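Asker: The structure is given below, and queries will be raised subsequently.
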Amino acid sequence: MINAVGRDIPEEILRLTGKEVFQGNNHFDGYEYRRQAPKVKCVIDPEKSKLRSSIREVLEACGIKDGMTLSFHHHFREGDKIVNMVMKEVHDMGLKDIRLCASSLGKAHEALVPMIEDGTITEIRSSGVRGEIGKVISEGKLKGLAYMQSHGGRVRSIVSGEVKIDIAFIGAPTADDYGNCSGIGGTSDCGVLSYAAADADYADNVVVITDHLVPFPNMPAQISMTKVDYVVQVDQIGDPAKIATGAAKPTSDVRKLMMADNCTSFVINTPYFKDGFSYQTGVGGASIASAVALSKIMKERGIRMRFGVGGLTKPMCDILNNDQVDCLLDTQDFDLDAVENVKHPRHFYISADEYANPFNKGAVVNRLDFVILASLEVDVHFNCNVVVGSDGVLTGAQGGHPDTAAGAKCSIVITPLVQGRIPAVCTDVTTVTTPGESVDVVVTDYGIAINPRRQDLMEAVKDAGLPLRTIEELRDIAYSITGEPKKVQFGDRVVGIIESRDGTIMDVVREVKEFSFAE
Amino acid sequence: MMNPDKKRLRRTMMFLNAQKPSLIKDPYIYKPDSLMFDLEDAVAENQKDAARFSLYHALRTIDYRGCEKVVRINGLDTDLWKEDIRCAVAAGCDVIRISKTETGADVKAVEARVEAAEKEFGRPEGSVLIMAAIESCKGVLNAQEICGASERLFGIALSGGDYTKDLQTSISGTGVELMGARQILIIAARAAGVQCFDTVYTDLDNEEGFRREVEMIHTMGFDGKSIVNPRQIHIVHEIYTPAQKDIFFAEKVVREIDSKKAQGIGVFTVDGKMIDIAFYDGAKRTIELAKASGVYKGDL
């Protein structure tokens, strides 16, 4: 069945998943449903301890068995040790058919590859996968499907009951023995625990794993003891050097600076750039450079930001420290400056539900004026692909891309026109992850294209002297440089689905086929 | 017939290692006036033929979108320069840049090879221009002779690094060690009616210092500057952008001279200033600079 972005979703996948095809961003607006409720095992006896001495003991206490759903969060990024630590025990116990519900998986988790191959893990739900995990899924070695979800879409799937988490594992930089936990104050700080919040709210069993046990009460707690069943202390939950690194040096790559300048010039010429505007930007060199440039212009023009959202990095925190913004709303911290900035009285922790879930009564993304995003590919319909590499292999994450693009009044995607030898602006993206209806502007090193749906933006910037082009012109320039790429060769088997934030199917990912040369 | 590009605008000439695909694939996006593909110092001795090969294919394949294509050949004291010229001319370059030029004879030697290559590869006679980089005290003292050595030569450029070595000093950042050479070169170039370009500024993080240096050479009369990083380009172009009042004045001068010429009047006043035909070229150049800088809205 063809969906709203023109992708043909096989009937058997619709049957297998019980899902519908994507029918547009606001198709479910006003939809009514009842949230699922977790099982609660009451703790009344004051003598009872929640502390358990090992992962094995806690798995047994939770009654782990074949076929269960285990959840994890990814605030420790490439420094994460929790997923591997828990899954090793699960594997050693000989358990099978585990459904992994992780907010994201990266190269730190390549130890899962043999567990995928031997059937310990048979289904994965995650924002994305990289490295070897992506490769084995694309090779068809995962028995079930990989569901690639946005941050908001993941919360939706948990809250709505589509995914029932049996055991949630929450890595906490600090926790007390009753389970109050926080992202700061320890030796492996990640700042905030936003992606774990829904897991704590909706899982039947909630396990906190920490390497820094503090005396009760660990306040302010980002996740409350009232939701936590067990606490385990381990040697190390993450590698601090890989959780949050020092702030990236501002880029000196002129191509990125040029794109950042184009982006900033666009932003300041829109009607949304006025006192009280809101803004979110990513972690790429150009995105960061555009935040730095924007801060300068805000100062010159005396314009103040009402709130910034992230995925935060130093340049956004600098805007707060310079008192150019009223507050920051934080779902994740990418560098040590951002982690440290969590202590600022106007830097607020928000849950992924508050951030981006389309199935609640209104999320922060809906109140965004600007979001600055990146993309692996953008096509002439403004569809973006941030998950599947141009070689057809799963290699990225949706993150908050589809959520913020759908919510923001002006969503801007920055990408060099040609990435390596691959045209980033193309006729049809390999896989659609964010629909073109959400993407307003594409900024490249060869010019800026505005989505024709946004005649208002075209009108607003027409005299600004920006290097405007149509998206087709950008595609043509890209192809004139690289040639038109041949389509990736896929097999028939569907190995993954790109889940839209509302739970419908945006696209499918098929097994990659060994490339065979043809004249 | 003079090659019409001889007098083209050359505010910025960006150095690129001819062997690096990432550098030569699309440098035109930074909009320098000229691109200079280097076969000389940037390329290791054992990579010279590889660099030539990559340069040849790049020039044949890539549309450099209006940027002038200059090729810096190896020194005349090597056995590489003749083949460099054949390769560059065959590939379609616009200009051959002679490194370490010391005499008018150097220019003539290159001219002869360029002419032969044009014939060999079927390019129109005179289509390839020459510029001479001056990198030694001897070259500075022979600037006048060098400037007048060939009809193909559109200009000379100071190469400060090698020149200061020859002078037994080094680049200080103050410009004092380059002062004499700069003065001699610009005077010699103007006397011969050719262009003159200043040396590179390599302290990339010192934007303030770069800006000061460009302002200085602009005031001294240089046509432009050699560039080592694209982030320097917009600064040069900004400094070379004429002020609105100068553009209006130049426009009036051009229009008045055109109409007065028809009426047979040689000297007249514009905005209270005495004007004659000697102002014409300067005014035309101001309009051209304004166009290149994107600030000219008129119809001249």
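The values are calculated or read from the model by the stated rules, or taken from the named source; none is laboratory data. Remember, it's a predicted structure, so these values are computed and weren't measured experimentally. Cβ coordinates were reconstructed from backbone atoms using ideal geometry, including for glycine residues, and neighbour counts include every protein chain displayed. SASA here: full protein model, heavy atoms, side chains in, ligands and nucleic acids out. Shrake-Rupley method; radii C 1.70, N 1.55, O 1.52, S 1.80 Å.
Asker: Anything in the range A:1-54 that is hydrophobic (A, V, I, L, M, F, W, C) and open to solvent by 50 Å² or more (accessible area, probe 1.4 Å)? List them, or say none. Steps first, please.
Answerer: Our first condition is that a residue be hydrophobic (A, V, I, L, M, F, W, C); within the range A:1-54, this holds for A:1-2, A:4-5, A:9, A:13-14, A:16, A:21-22, A:28, A:37, A:40, A:42-44, A:51.
A:Met1, A:Ile2, A:Ala4, A:Leu16, A:Ala37, A:Val40, A:Cys42, A:Val43, A:Ile44, A:Leu51 - these are the residues of the range A:1-54 that are hydrophobic (A, V, I, L, M, F, W, C) and open to solvent by 50 Å² or more (accessible area, probe 1.4 Å).
Asker: If you don't mind, another one. Among the candidates A:Val488, A:Val495, A:Val442, single out the residue that is of a type in the set (Val, Ile, Thr) and out of contact with any Gly (no Cβ under 6 Å at 6 or more places or on another chain).
Answerer: Numbers: A:Val488 fails: out of contact with any Gly (no Cβ under 6 Å at 6 or more places or on another chain); A:Val495 fails: out of contact with any Gly (no Cβ under 6 Å at 6 or more places or on another chain).
Just a single option satisfies the conditions, and that option is A:Val442.
Asker: In the list A:Gln455, A:Gln398, which residue meets the criterion of being open to solvent by less than 20 Å² (accessible area, probe 1.4 Å), among the polar types (S, T, N, Q), away from chain B (no Cβ under 14 Å) and farther than 23 Å from A:Met258 by Cβ? Working first, answer last.
Answerer: Working: A:Gln455 fails: open to solvent by less than 20 Å² (accessible area, probe 1.4 Å).
Being open to solvent by less than 20 Å² (accessible area, probe 1.4 Å), among the polar types (S, T, N, Q), away from chain B (no Cβ under 14 Å) and farther than 23 Å from A:Met258 by Cβ holds for just one of A:Gln455, A:Gln398, which is A:Gln398.
Asker: Scan the range A:358-365 and give yes if some residue there is at pLDDT 95 or above, touching a Leu at 6+ places or on another chain (Cβ under 8 Å) and not assigned by TED's automatic domain parsing to the domain that holds A:His151, otherwise no. Don't jump to the end; show me each part of the working.
Answerer: Our first condition is that a residue be at pLDDT 95 or above; within the range A:358-365, this holds for A:358-365.
Now narrow it down to the ones that are touching a Leu at 6+ places or on another chain (Cβ under 8 Å): A:364.
Now restrict to residues that are not assigned by TED's automatic domain parsing to the domain that holds A:His151: A:364.
Yes: the range A:358-365 contains one or more residues that are at pLDDT 95 or above, touching a Leu at 6+ places or on another chain (Cβ under 8 Å) and not assigned by TED's automatic domain parsing to the domain that holds A:His151.
Asker: I've got another one for you. Which one of B:Arg255, B:Arg190 is outside the structural domain of B:Ala18 (by TED's automatic domain parsing) and surrounded by fewer than 18 Cβ atoms within 10 Å (Cβ to Cβ)? Before the answer, list the steps.
Answerer: Values: B:Arg190 fails: outside the structural domain of B:Ala18 (by TED's automatic domain parsing).
That would be B:Arg255, the only listed residue that is outside the structural domain of B:Ala18 (by TED's automatic domain parsing) and surrounded by fewer than 18 Cβ atoms within 10 Å (Cβ to Cβ).
Asker: Can you tell me which condition A:Tyr147 does not meet? The list is (1) open to solvent by less than 10 Å² (accessible area, probe 1.4 Å); (2) touching a residue at least 60 places away in the same chain (Cβ under 8 Å); (3) not aliphatic (A, V, I, L, M), and all the others hold.
Answerer: Only one criterion in (1) open to solvent by less than 10 Å² (accessible area, probe 1.4 Å); (2) touching a residue at least 60 places away in the same chain (Cβ under 8 Å); (3) not aliphatic (A, V, I, L, M) is unmet by A:Tyr147, namely (1).
Asker: A further question follows. Return yes or no: is B:Leu178 crowded, with 22+ Cβ neighbours inside 10 Å, more than 14 Å from the chain's Cα centre (by Cα) and modelled with pLDDT of 95 or more? Break it down into steps so the answer makes sense when it comes.
Answerer: Working: crowded, with 22+ Cβ neighbours inside 10 Å: yes; more than 14 Å from the chain's Cα centre (by Cα): yes; modelled with pLDDT of 95 or more: yes.
Yes, satisfied.
Okay, residues lined up against (1) closer than 30 Å to B:Ala290 by Cα; (2) touching a Gly at 6+ places or on another chain (Cβ under 8 Å); (3) within 14 Å of chain A (Cβ to nearest Cβ); (4) at pLDDT below 95:
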| position | (1), (2), (3), (4) |
| --- | --- |
| B:Arg10 | yes, yes, no, no |
| B:Asn74 | no, no, no, no |
| B:Thr101 | no, yes, no, no |
| B:Ala109 | no, no, no, no |
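Asker: Can you tell me how many residues within the range B:280-300 are in contact with an Asp or Glu (Cβ under 7 Å, 6 or more places away or on another chain) and either within 14 Å of another protein chain (Cβ to nearest Cβ) or outside any helix (DSSP H, G or I) (or both)?
Answerer: The total comes to 2.
Asker: Still on this structure, I have one more. Could we say that B:Thr286 is β-branched (Val, Ile, Thr), in the same structural domain as B:Ile184 (by TED's automatic domain parsing) and under 18 Å from the mean Cα position of the chain (by Cα) here?
Answerer: Taking the combined requirement at face value, the residue does not satisfy it.
Asker: Among (1) within 14 Å of chain A (Cβ to nearest Cβ); (2) assigned to a helix (DSSP H, G or I), where does B:Asp205 come up short?
Answerer: The number of the failed condition is (2).
Asker: A further question follows. Which residue pairs have Cβ atoms under 6 Å apart, sit 6 or more places apart or on different chains, and have a first residue in the range A:89-113 that is crowded, with 23+ Cβ neighbours inside 10 Å and a second that is aromatic (Phe, Trp, Tyr) and not in a loop (DSSP other than H, G, I, E, B)?
Answerer: That search, which allows pairs on different chains as well, returns A:Ala102/A:Phe72; A:Ser103/A:Tyr195.
Asker: Limited to the range B:226-250, what total is found for residues that are surrounded by fewer than 20 Cβ atoms within 10 Å (Cβ to Cβ), more than 12 Å from chain A (Cβ to nearest Cβ) and of a type in the set (S, T, N, Q)?
Answerer: Of the residues in that region, 2 qualify.
Asker: Could you list, in sequence order, all residues of the range A:357-374 that are in contact (Cβ under 8 Å) with a residue 60 or more places away in the chain and either surrounded by 24 or more Cβ atoms within 10 Å (Cβ to Cβ) or among the aliphatic types (A, V, I, L, M) (or both)?
Answerer: First, the residues of the range A:357-374 that are in contact (Cβ under 8 Å) with a residue 60 or more places away in the chain: A:357-360, A:363, A:365, A:367-374.
Passing the criteria: A:Asn357, A:Pro358, A:Ala363, A:Val365, A:Leu368, A:Phe370, A:Val371, A:Ile372, A:Leu373, A:Ala374.
Asker: Listed residues B:Ala157, B:Ala149; which is closer than 23 Å to B:Phe15 by Cβ and not in a helix (DSSP H, G or I)? Even if it seems obvious, please write down each step before you answer.
Answerer: Working: B:Ala149 fails: closer than 23 Å to B:Phe15 by Cβ.
Residue meeting the stated conditions: B:Ala157.
Asker: Got a sec? Which of B:Gly122, B:Gly126 is in contact (Cβ under 8 Å) with a residue 40 or more places away in the chain, surrounded by fewer than 22 Cβ atoms within 10 Å (Cβ to Cβ) and at positive phi?
Answerer: On the way: B:Gly122 fails: in contact (Cβ under 8 Å) with a residue 40 or more places away in the chain.
Testing whether each residue is in contact (Cβ under 8 Å) with a residue 40 or more places away in the chain, surrounded by fewer than 22 Cβ atoms within 10 Å (Cβ to Cβ) and at positive phi leaves just B:Gly126.
Asker: Turning to a different aspect of this structure: Condition test on B:Thr199, is it closer than 29 Å to B:Gly104 by Cα and either in contact (Cβ under 8 Å) with a residue 40 or more places away in the chain or in contact with a Ser or Thr (Cβ under 8 Å, 6 or more places away or on another chain) (or both)?
Answerer: Details: closer than 29 Å to B:Gly104 by Cα: yes; either in contact (Cβ under 8 Å) with a residue 40 or more places away in the chain or in contact with a Ser or Thr (Cβ under 8 Å, 6 or more places away or on another chain) (or both): yes.
Taking the combined requirement at face value, the residue satisfies it.
Asker: Given (1) within 14 Å of another protein chain (Cβ to nearest Cβ); (2) among the aliphatic types (A, V, I, L, M); (3) open to solvent by less than 10 Å² (accessible area, probe 1.4 Å), identify the lone condition not met by A:Val418.
Answerer: Tallying (1) within 14 Å of another protein chain (Cβ to nearest Cβ); (2) among the aliphatic types (A, V, I, L, M); (3) open to solvent by less than 10 Å² (accessible area, probe 1.4 Å), A:Val418 fails exactly one: (3).
Asker: Please go through the range A:473-493 and give me each residue that is part of a loop (DSSP other than H, G, I, E, B), away from chain B (no Cβ under 13 Å) and surrounded by fewer than 16 Cβ atoms within 10 Å (Cβ to Cβ), ordered by number. Break it down stepwise before answering.
Answerer: The first filter runs over the range A:473-493 and keeps only residues part of a loop (DSSP other than H, G, I, E, B), leaving A:483-489.
Pick out the ones that are also away from chain B (no Cβ under 13 Å) and you get A:484-489.
Correct list: A:Glu484, A:Pro485, A:Lys486, A:Lys487, A:Gln489.
Asker: A further question on this structure: Looking at the range A:458-472 only, could you name the residues that are under 22 Å from A:Pro416 (Cβ atoms) and more than 14 Å from chain B (Cβ to nearest Cβ)?
Answerer: Result: A:Val461, A:Leu468, A:Thr470, A:Ile471, A:Glu472.
Asker: Still on this structure: Here are some residues: A:Asp456, A:Asp428. Which one is modelled with pLDDT of 95 or more and part of a helix (DSSP H, G or I)? I'd like the intermediate steps shown before the answer.
Answerer: On the way: A:Asp428 fails: part of a helix (DSSP H, G or I).
Selected residue: A:Asp456, the only one of A:Asp456, A:Asp428 that is modelled with pLDDT of 95 or more and part of a helix (DSSP H, G or I).
Asker: What about A:Val292, is it out of contact with any strand residue (DSSP E or B) (no Cβ under 8 Å at 6 or more places or on another chain) and either within 14 Å of chain B (Cβ to nearest Cβ) or closer than 22 Å to A:Val441 by Cβ (or both)? Write out each step before concluding.
Answerer: Values: out of contact with any strand residue (DSSP E or B) (no Cβ under 8 Å at 6 or more places or on another chain): yes; either within 14 Å of chain B (Cβ to nearest Cβ) or closer than 22 Å to A:Val441 by Cβ (or both): yes.
It is true that A:Val292 is out of contact with any strand residue (DSSP E or B) (no Cβ under 8 Å at 6 or more places or on another chain) and either within 14 Å of chain B (Cβ to nearest Cβ) or closer than 22 Å to A:Val441 by Cβ (or both).
Asker: Every residue in the range A:492-519 that is among the small types (Gly, Ala, Ser) and either free of Cβ contacts under 8 Å to residues at least 40 places away in the same chain or in contact with a strand residue (DSSP E or B) (Cβ under 8 Å, 6 or more places away or on another chain) (or both), please. If you could, list the steps in order and put the result at the bottom.
Answerer: Of all residues in the range A:492-519, those among the small types (Gly, Ala, Ser) come to A:496, A:500, A:503, A:516, A:518.
Within the range A:492-519, A:Gly496, A:Ser500, A:Ser516, A:Ala518 meet the criteria.
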